[in-house]
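Novice: My questions all concern the structure below.
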Amino acid sequence: MSSNEYTKVTTVDDVEPERGMSVTVDGIEIALFKVDGEYHAITNRCPHQNAPLDKVGEKKINGEKCWNERRGGFTDQPAVTCPWHLWEIGLETGEHETSGKRVSVFDVKVEGDDVLVKV
Amino acid sequence: MATEQVDTDLEIPAEARDVRIIDLDFHMNPTEDQLIGYVEDDAAREKLSTEFGMLPRKAKSDAAYAIPGGNEGLFTQGKAEAAEDVKLAADKFAIDEPIVNVGLNNTPTQHNPVLKNAIVQAANDFALDQVIPEDLYCLMMVPQWDPEHAAEEIRRVGDEDGFIGAYGWFGPFALFGETRFDPMFEALVEHDLPLVLHGSLSMWPQNTPVGDNMLSWTEMLGLDWPVFAQVNVANMIMSGLFDKFPSLNVIIEEGGHWWIPFLRYRLDEFYEMHPDDIIIQPRKHEMGERRLGRKPSEYLRDNVYVTTQPMAPPERTRDTKQMLEQSMAEDTFLYSSDWPHQTLDPATWAFRNPAFDDDLSKAILHENAEDLFGI
């Protein structure tokens with residue numbers, strides 16, 4: 001279902017806060033996040049080594065015995081921290097500051113119970 | 001527009017499932033409670049059971065200082081305490097054969113040889129009891145600080161099915177070309193076990209005028225281990241180790257790999273310019289030989305291997321191809337993931353980087369390891 005140039009990708013109930021979720025729209029792989037109540041959508045591949053960013057927030061194996069229980073995470077910037085090497089990717093800019101590498105950022109909106117992304 | 005929700009456990013390109021991937025550096029971290037029951041020496045078990053623990057860590061820098069939020073580096077992906085954890089983790093990255101080491105890289109930092117030997121014995125028996133029966137290949141830990149005891153330990157467990165190599169540590173405290181290590185090498189050759197040398201936490205630069213001022217993670221992990229990897233490889237070659245033990249193979253883990261061209265040409269240049277001190281290398285002197293049997297670069301190609309993590313190729317394909325060629329990658333590179341550490345290297349490059357053609361990828365991902373370890 002689409003609204004203008006937006007495409008419904010999921011419903012609000014299916015988006016788990018502080019976790020990553022992957023959807024594809026016309027073959028474009030997108031990572032969807034809900035952080036501090038805000039929705040964000042960026043390319044689902046880290047510009048470093050193509051790690052799937054939707055794995056952010058996944059519990060590590062025996063994570064309860066590690067300093068950080070989950071893979072990757074989020075910062076206040078706001079940024080998502082890659083699950084492989086902890087590269088920080090700005091959720092509003094798509095930029096990794098130290099390398100200058102970027103990924104695409106997509107507009108997200110909520111209509112009723114639907115979460116829509118503009119590609 | 002077509003939409004699709006994606007939820008796959010595989011974290012690298014799907015075609016990775018079609019290629020056998022052997023991972024030379026997969027760390028397992030059994031708990032001290034798991035290990036202590038395997039310590040056979042009563043006195044050692046008593047002391048290792050104290051509040052002090054089995055492997056107290058000397059204060060050292062950690063990747064945490066280099067990562068916002070203080071994420072720990074050693075367990076970025078988690079901890080594998082049991083064989084099933086290893087399999088679960090390996091599957092995410094299409095790794096078919098994780099060559100498990102019991103991950104006690106802090107062992108060389110420990111002070112007391114009786115305790116260190118007990119830890120190694122316990123780790124090897126843990127692997128025999130809980131890892132190898134689950135159809136996983138392992139590296140036996142080798143107590144290199146005591147070469148005679150190392151030989152005994154190799155003879156104790158080296159023929160056990162599932163142990164395909166011996167695991168030690170390279171660093172600045174000893175050079176493996178020293179003749180005192182020959183009993184260990186004799187036992188390795190006798191049991192047809194390659195020696196896998198991993199960087200050790202003990203050799204992070206501490207308590208030296210230079211090392212104490214090396215304050216960035218980039219310098220410490222990026223440079224320190226590769227420097228001592230090169231020094232050790234050169235020492236093994238120039239001391240005639242591979243003339244005495246021509247079938248010995250040594251694998252350098254996590255010591256970098258792009259230095260091979262530097263060493264390859266530089267050692268040949270210097271050796272061919274002035275070779276007259278070879279006769280006074282203790283091992284060559286004992287053998288009564290005035291020269292190395294071959295050029296240094298030939299030992300580098302035939303007896304030395306390096307693991308690839310992190311591959312860190314140049315941006316441009318042609319540059320990467322040149323470096324691979326100069327590094328003799330088809331003969332010397334072995335894939336490693338370093339799971340679960342901060343420098344994890346899933347083999348994405350093998351499937352997305354055009355510098356790696358099919359033949360080269362197969363050599364790095366599995367063929368070299370198959371030949372080396374007979375698996």
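Novice: Give the residue, chosen from A:THR24, A:THR93, that is of a type in the set (Val, Ile, Thr) and not in a strand (DSSP E or B).
Specialist: Just one listed residue meets the conditions, A:THR93.
Novice: With respect to B:VAL142, is the statement that it is modelled with pLDDT of 95 or more and surrounded by 23 or more Cβ atoms within 10 Å (Cβ to Cβ) true?
Specialist: Considered against the rule, which asks whether it is modelled with pLDDT of 95 or more and surrounded by 23 or more Cβ atoms within 10 Å (Cβ to Cβ), B:VAL142 comes out as yes.
Novice: Can you find even one residue in the range B:232-249 that is touching a Gly at 6+ places or on another chain (Cβ under 7 Å) and either free of Cβ contacts under 8 Å to residues at least 40 places away in the same chain or not in a helix (DSSP H, G or I) (or both)?
Specialist: yes
Novice: Continuing with this model, one more query. If B:PRO346 satisfies all but one of (1) touching a helix residue (DSSP H, G or I) at 6+ places or on another chain (Cβ under 9 Å); (2) part of a helix (DSSP H, G or I); (3) not hydroxyl-bearing (Ser, Thr, Tyr), what's the number of the condition it fails?
Specialist: (2)
Novice: Go through (1) within 12 Å of chain B (Cβ to nearest Cβ); (2) touching a strand residue (DSSP E or B) at 6+ places or on another chain (Cβ under 8 Å) for A:TRP67 and report which single condition fails.
Specialist: Of the numbered conditions (1) within 12 Å of chain B (Cβ to nearest Cβ); (2) touching a strand residue (DSSP E or B) at 6+ places or on another chain (Cβ under 8 Å), the odd one out for A:TRP67 is (2).
Novice: Can you tell which of A:ASP36, A:ASP113, A:ASP26 is within 10 Å of chain B (Cβ to nearest Cβ), in contact (Cβ under 8 Å) with a residue 40 or more places away in the chain and loosely packed, with under 15 Cβ neighbours inside 10 Å?
Specialist: A:ASP26
Novice: Oh, and also: Looking at the range B:268-317 only, could you name the residues that are within 19 Å of B:ILE251 (Cα to Cα) and either assigned to a helix (DSSP H, G or I) or in contact with a Lys or Arg (Cβ under 8 Å, 6 or more places away or on another chain) (or both)?
Specialist: Within the range B:268-317, B:PRO296, B:SER297, B:GLU298, B:TYR299, B:LEU300, B:ARG301, B:ASP302, B:ASN303 qualify.
Novice: Tell me which of these A:GLU18 doesn't satisfy, since it passes every other one: (1) within 11 Å of chain B (Cβ to nearest Cβ); (2) in contact with a Lys or Arg (Cβ under 9 Å, 6 or more places away or on another chain); (3) in a loop (DSSP other than H, G, I, E, B).
Specialist: Exception for A:GLU18: condition (1).
Novice: Across the range A:1-15, which residue is surrounded by the most Cβ atoms within 10 Å (Cβ to Cβ) among those that are outside any strand (DSSP E or B), within 12 Å of another protein chain (Cβ to nearest Cβ) and not charged (D, E, K, R)?
Specialist: Out of the qualifying residues, it is A:VAL15.
Novice: Are any residues in the range A:39-58 basic (Lys, Arg) and more than 8 Å from every other protein chain (Cβ to nearest Cβ), and if so, which ones?
Specialist: If the condition is that a residue be basic (Lys, Arg) and more than 8 Å from every other protein chain (Cβ to nearest Cβ), then A:ARG45 is the only one that fits.
Novice: Identify the residue in the range B:297-343 that is of a type in the set (Val, Ile, Thr) and farther than 25 Å from B:LEU248 by Cα and, among all such residues, is surrounded by the fewest Cβ atoms within 10 Å (Cβ to Cβ).
Specialist: B:THR317
Novice: Name the pairs whose Cβ atoms lie under 7 Å apart, with the first residue in the range B:344-372 and surrounded by fewer than 23 Cβ atoms within 10 Å (Cβ to Cβ), the second part of a helix (DSSP H, G or I) and polar (S, T, N, Q), and 6 or more positions between them or separate chains?
Specialist: B:ASN353/B:THR320; B:PRO354/B:THR317; B:ALA355/B:THR317; B:ALA355/B:THR320
Novice: Taking the stated definitions as given, is B:GLY78 closer than 22 Å to A:THR81 by Cβ, in contact with a helix residue (DSSP H, G or I) (Cβ under 7 Å, 6 or more places away or on another chain), of a type outside the set (Asp, Glu) and surrounded by 20 or more Cβ atoms within 10 Å (Cβ to Cβ)? Please lay out each step first, then the result.
Specialist: Details: closer than 22 Å to A:THR81 by Cβ: yes; in contact with a helix residue (DSSP H, G or I) (Cβ under 7 Å, 6 or more places away or on another chain): yes; of a type outside the set (Asp, Glu): yes; surrounded by 20 or more Cβ atoms within 10 Å (Cβ to Cβ): yes.
So B:GLY78 passes the test.
Novice: Across the range B:48-61, what is the total count of residues that are modelled with pLDDT of 70 or more and either facing another protein chain (nearest Cβ under 9 Å) or surrounded by 13 or more Cβ atoms within 10 Å (Cβ to Cβ) (or both)?
Specialist: Selection size over the range B:48-61: 4.
Novice: Here is a follow-up. Take the residues in the range A:77-106 that are within 12 Å of chain B (Cβ to nearest Cβ) and β-branched (Val, Ile, Thr), then tell me which one is farthest from A:GLY20 (Cα to Cα).
Specialist: A:THR98
Novice: Suppose we filter the range B:10-58 for residues that are among the charged types (D, E, K, R) and assigned to a loop (DSSP other than H, G, I, E, B); how many remain?
Specialist: 7
Novice: Turning to a different aspect of this structure: Hey, among B:ALA347, B:ALA355, B:ALA363, which residue is away from chain A (no Cβ under 14 Å) and either of a type in the set (Ser, Thr, Tyr) or under 27 Å from B:GLY165 (Cβ atoms) (or both)?
Specialist: On inspection, the qualifying residue turns out to be B:ALA363.
Novice: Restricting the range B:62-107 to residues that are modelled with pLDDT under 95 and more than 12 Å from chain A (Cβ to nearest Cβ), which is nearest to B:PRO133 (Cα to Cα)?
Specialist: The residue in question is B:VAL102.
Novice: Determine whether the range A:52-64 contains at least one residue that is exposed (fewer than 14 other Cβ atoms within 10 Å of the Cβ) and in a loop (DSSP other than H, G, I, E, B).
Specialist: no
The values are calculated or read from the model by the stated rules, or taken from the named source; none is laboratory data. Keep in mind the model is a prediction, meaning the values are calculated, not measured. No Cβ is skipped: glycine too gets one built from the backbone with ideal geometry, and neighbour counts run over all protein chains shown.
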